[in-house]
Amino acid sequence: MSLRTDISADTPRVAGDGPQYKDGLDADVLIIGSGFAGVYLLHRLRDELGFDVKIYEAGKDLGGIWHWNCYPGARVDTPVPIYELSFPTLWKDWNWSEKYPGWKELREYFDYIDKKLDIRKDVAFESRVVDAQYSNETQKWTVKTQDGRTATCRYLIAALGFAAKRHFPDWPGLEKFKGKLAHSSFWPEDGIDVKGKRVAVIGTGATGIQLSQEVGQEAAHMTLFQRTPNMCLPMRQRKLTKEEQAKSKEEYPQIFKDRMQTFAGFAFDFVDKETFDDSPEERRRFYEDLWDKGGFHFWLATYKDMLFQKDANREAFNFWLEKTRERIKDPRKADILAPKVPPHYWGTKRPSLEQCFYEVLDRPEHDVIDINENPVKEVTEKGIITEDGKLHEFDVIALATGYDSVTGGMMNMGLKDANGRELRDKWKEGTYTYLGMTCAGYPNFFFLYGAQGPTAFSNGPSCVELQGEWIVDALVKARNEGITYLNPKPEGEEYWREKIRTINEKSLFVHTKSWYMGANIPGKPIEQLNWPGGFPLYHEETYKVLDGWQGFETQAPA
C-alpha cells in the first residue's frame, strides 16, 4: 500500500456541470475551503448580504477536516451544542447521538447543512488552488487551480483551517514497507482491517490517542511510538436523547451568546480565583469536580493563574499525575505515559480527550516506545528498526504525525502579493499578520482560523463565528463606503506581533516546545502562532480598528 502524501485526488477530477466549475469564473468573493468557516461565510455573505460568492474546495465534499478524517476513533474534543454553528435553522431540527460526535455523524451534519442552506450549488469540489495573486491594475485576485482553471474575484478568503498541510516523518525506508501504511488524515474510506494484526501507531497527539484506543481493542499487538507524553483528560462521552436536546434547545440562543464571552469559546471559563486562594482541601474538591465533569474543564475552567504561575501549574500537574497513574498497572508504561517529572508545564500543550487510552495501552499484548530514548533508525519491508537494532515487525503502520499547523496550509497554496512575492517567503523567518485575519501586501485578502488568531486556543465553530463576523462586517462597511481596496499596513503587523509576544511571555506557553509554537516542524521558526489573549480581548482589539480603518490603507474608485 503506497503512502498518500498529497491532497490531490487519486484520479482525474470529474468535471462539475455547475457554473462554479467554469474556466474564467468571476465573483465578488472566492472562498477557499468548505469546512465550518467556508460554509458560515458563504451563507452570511451570499444569502443574507447579497454578495456573489463561490467556494473552491480541494476535497470531494463539504466538511473540511471532517471530509478527510475517517480514521478509527476520529471525533471532536468539544461537546455539542458548542461544536456547531449558531444559525437557528441548523439546530432547531437537528439532533446528535452523542455528546462528542464522531466523523460519520459530522459528515451527516454537513449534509444537513447543505439541505438547509443549499451550499453545494456554489462549491467547486476537487479544485485545489495552486496560485493566487492580486493585481493593482484590476484591483482583483487571479486564482488558478491545479487542473488549469482560472478565476477572478474582488475579495479572496482562505478558510483552510489550521490543519491543512500534513506532516510526515523523514525516516528512511518508508517506501519499502510491504504492509498497510497510511497517514491518519488519508485513511482509506473503506478502512484498514487491524483485527488480529500487528499495528504501529506513530505519534501521541490527539489523533494518536484516538487511533490507539480504538485500534488497540482489535489488534493482536500494538506498539505506540511516543516522542512526548500526552497529558490526556477524560472525555466523559455519553449518548444523547432527542428529548433532552429538545429541552436544552430553549437555552441555545443564550449558550451561543455566552460562548463568545469566554476565553476559548466554550461553555465554561476560568474561575476568578487563584490556586492558593483555596485551602488544600478546597482545592482538592474543586479539582475533583472539574475532573468528574470531564472534557476541558480541568484545563479551561480551572484557577485563573494555572497557565501563568509555575507553582499553580505544578499543583494541577500533581493532581493529573495521581489520577492518571492509578489507571496504569505496568510501572514501565506508567513512567513513559505519565512521567513523575513533568515534560513541560501542564496545559501548555492542548490536552487530548480519551475514553480508555490508558487501559488499552496497559494491556500486556501492547507496548509503548519512547523514541527519545530509543529513536527510529529506519523502516524496512517488515517493519521498524529502532536505534537499539531491534526489528519491530508490523502488518500496519499508522502515521499520526500531525500537521504543519496554523501556517502550513496558507504557505502551500501559491499565495502571492501584488509584486509576486510568495507568502512562504514573507513568513520564512516569522509570521506577520494584522489582526490574525489579514496580511500587509495582500489587499482584499482575509483568512480565519489560522495564524495569529484564537485558533488553537479555542474550538473551531466559535472561532469561525468570531472572526467570520468581523470579516463580514469589514466587507459590508467597505461596500457601504465605496471602498474597493483594503491593504493592511506593515506597522499594523508589527503591532499585532508585538501584542501577541507580550501576552505570551506572561504565560507558561513560552517555555514549552509545541505545535502552538511551531516546534513540531524541523526548521520552522519558534514563535507563538496563535492569539493567546482570549475571545473578549480579541473582539475588542479587532473591532476598534474598523472605526476609520485603523492600520489599513484604503482606496475608493476615482
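Please verify whether the range 387-398 includes one or more residues that are of a type outside the set (Ser, Thr, Tyr) and closer than 27 Å to Tyr100 by Cα.
The answer is yes, given that some residue of the range 387-398 is of a type outside the set (Ser, Thr, Tyr) and closer than 27 Å to Tyr100 by Cα.
I'd like to check which helices (runs of 4 or more DSSP H) are fully inside the range 173-268 and have at least 1 residues that are crowded, with 19+ Cβ neighbours inside 10 Å and hydroxyl-bearing (Ser, Thr, Tyr).
206-215
Table: residues versus (1) within 30 Å of Lys22 (Cβ to Cβ); (2) assigned to a loop (DSSP other than H, G, I, E, B); (3) acidic (Asp, Glu).
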{"site": "Ile55", "(1), (2), (3)": "yes, no, no"}
{"site": "Gly59", "(1), (2), (3)": "yes, yes, no"}
{"site": "Gly63", "(1), (2), (3)": "yes, yes, no"}
{"site": "Tyr71", "(1), (2), (3)": "no, yes, no"}
{"site": "Pro79", "(1), (2), (3)": "no, yes, no"}
{"site": "Leu85", "(1), (2), (3)": "yes, yes, no"}
{"site": "Leu90", "(1), (2), (3)": "yes, no, no"}
{"site": "Trp96", "(1), (2), (3)": "no, yes, no"}
{"site": "Tyr100", "(1), (2), (3)": "no, yes, no"}
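Does the range 368-397 hold any residues that are in contact with a helix residue (DSSP H, G or I) (Cβ under 8 Å, 6 or more places away or on another chain), farther than 15 Å from Pro172 by Cβ and either modelled with pLDDT under 95 or surrounded by fewer than 19 Cβ atoms within 10 Å (Cβ to Cβ) (or both), and which are they?
Within the range 368-397, Asp370 is the sole residue that qualifies.
Would you please name the residue that is farthest from the chain's Cα centre (by Cα), looking only at residues in the range 24-51 that are assigned to a helix (DSSP H, G or I) and small (Gly, Ala, Ser)?
That would be Gly38.
Could you check the range 316-430 for helices (runs of 4 or more DSSP H) lying wholly inside it with 1 or more residues that are not assigned by TED's automatic domain parsing to the domain that holds Tyr449?
The qualifying helices (runs of 4 or more DSSP H) are 331-337, 357-361.
Go through the range 1-30 residue by residue and tally those that are aliphatic (A, V, I, L, M), touching an Asp or Glu at 6+ places or on another chain (Cβ under 9 Å) and at pLDDT 95 or above.
Matching residues across the range 1-30 total 2.
Among the residues of the range 398-424 satisfying the criterion of being more than 22 Å from Ile31 (Cβ to Cβ) and not charged (D, E, K, R), which is modelled with the lowest pLDDT?
Gly402
Select, from Asp425, Asp417, the only residue that is acidic (Asp, Glu) and either without any contact (Cβ under 8 Å) to a residue 40 or more places away in the chain or on the phi > 0 side of the Ramachandran plot (or both).
On inspection, the qualifying residue turns out to be Asp425.
Just to verify a result, which residue in the range 100-118, among those that are under 24 Å from Gly191 (Cα atoms) and basic (Lys, Arg), is surrounded by the fewest Cβ atoms within 10 Å (Cβ to Cβ)?
Lys104
Taking only the range 190-234 into account, find how many residues are of a type in the set (A, V, I, L, M, F, W, C) and under 24 Å from Phe298 (Cβ atoms).
7
Which condition does Gly468 not pass, out of (1) buried (at least 21 other Cβ atoms within 10 Å of the Cβ); (2) out of contact with any Lys or Arg (no Cβ under 8 Å at 6 or more places or on another chain); (3) not in a loop (DSSP other than H, G, I, E, B), if it passes all the others?
Tallying (1) buried (at least 21 other Cβ atoms within 10 Å of the Cβ); (2) out of contact with any Lys or Arg (no Cβ under 8 Å at 6 or more places or on another chain); (3) not in a loop (DSSP other than H, G, I, E, B), Gly468 fails exactly one: (2).
State which residue pairs qualify: first residue within 20 Å of Thr138 (Cβ to Cβ) and inside the range 19-40, second residue in a helix (DSSP H, G or I) and modelled with pLDDT of 95 or more in any location, beta carbons under 7 Å apart, and separation of 6 or more residues or different chains.
Val29/Leu45; Ile31/Gly38; Ile31/Leu41; Ile31/Leu42
Can you give me the number of residues within the range 272-300 that are touching a helix residue (DSSP H, G or I) at 6+ places or on another chain (Cβ under 8 Å), of a type outside the set (D, E, K, R) and either not assigned by TED's automatic domain parsing to the domain that holds Pro234 or not in a helix (DSSP H, G or I) (or both)?
0
Can you say whether Thr302 is under 22 Å from Gly534 (Cβ atoms) and at pLDDT below 95, as far as the supplied structure shows?
no
Looking only at residues that are closer than 24 Å to Lys323 by Cα, of a type in the set (A, V, I, L, M) and under 20 Å from the mean Cα position of the chain (by Cα) in the range 194-242, which one is modelled with the lowest pLDDT?
In this case the residue turns out to be Ala206.
Taking the options Asp93, Asp147, name whichever one is surrounded by fewer than 21 Cβ atoms within 10 Å (Cβ to Cβ) and not assigned by TED's automatic domain parsing to the domain that holds Thr438.
It is Asp93.
Considering every residue within the range 352-359, establish whether at least one is acidic (Asp, Glu), closer than 18 Å to Ala200 by Cβ, surrounded by fewer than 20 Cβ atoms within 10 Å (Cβ to Cβ) and modelled with pLDDT of 95 or more.
Within the range 352-359, not a single residue is acidic (Asp, Glu), closer than 18 Å to Ala200 by Cβ, surrounded by fewer than 20 Cβ atoms within 10 Å (Cβ to Cβ) and modelled with pLDDT of 95 or more.
Being more than 30 Å from Ser86 (Cα to Cα), buried (at least 17 other Cβ atoms within 10 Å of the Cβ) and not hydroxyl-bearing (Ser, Thr, Tyr) is the filter here; which residues of the range 279-304 pass it?
Within the range 279-304, Arg283, Phe286 qualify.
Starting from the range 47-71, keep only residues that are in contact (Cβ under 8 Å) with a residue 40 or more places away in the chain and farther than 30 Å from Leu399 by Cβ, then list their pairs with residues that are basic (Lys, Arg) and crowded, with 22+ Cβ neighbours inside 10 Å whose Cβ atoms are within a distance under 8 Å, requiring at least 6 positions of separation or different chains.
Short answer, once both residue conditions are applied: Val53/Arg46.
Let's see how each residue does on (1) in contact (Cβ under 8 Å) with a residue 12 or more places away in the chain; (2) under 30 Å from Glu251 (Cβ atoms); (3) in a strand (DSSP E or B):
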| position | (1), (2), (3) |
| --- | --- |
| Tyr112 | yes, yes, no |
| Tyr134 | yes, no, yes |
| Thr152 | yes, no, yes |
| Pro169 | yes, no, no |
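Confirm whether Ile483 is outside any loop (DSSP other than H, G, I, E, B), of a type in the set (A, V, I, L, M, F, W, C) and surrounded by fewer than 24 Cβ atoms within 10 Å (Cβ to Cβ).
no
The values are calculated or read from the model by the stated rules, or taken from the named source; none is laboratory data. Bear in mind the structure is a predicted one, so any value in this text is a computation, not a measurement. Methodologically, a virtual Cβ is constructed for each residue, glycine included, from the backbone with ideal geometry; neighbour enumeration extends over all protein chains shown.
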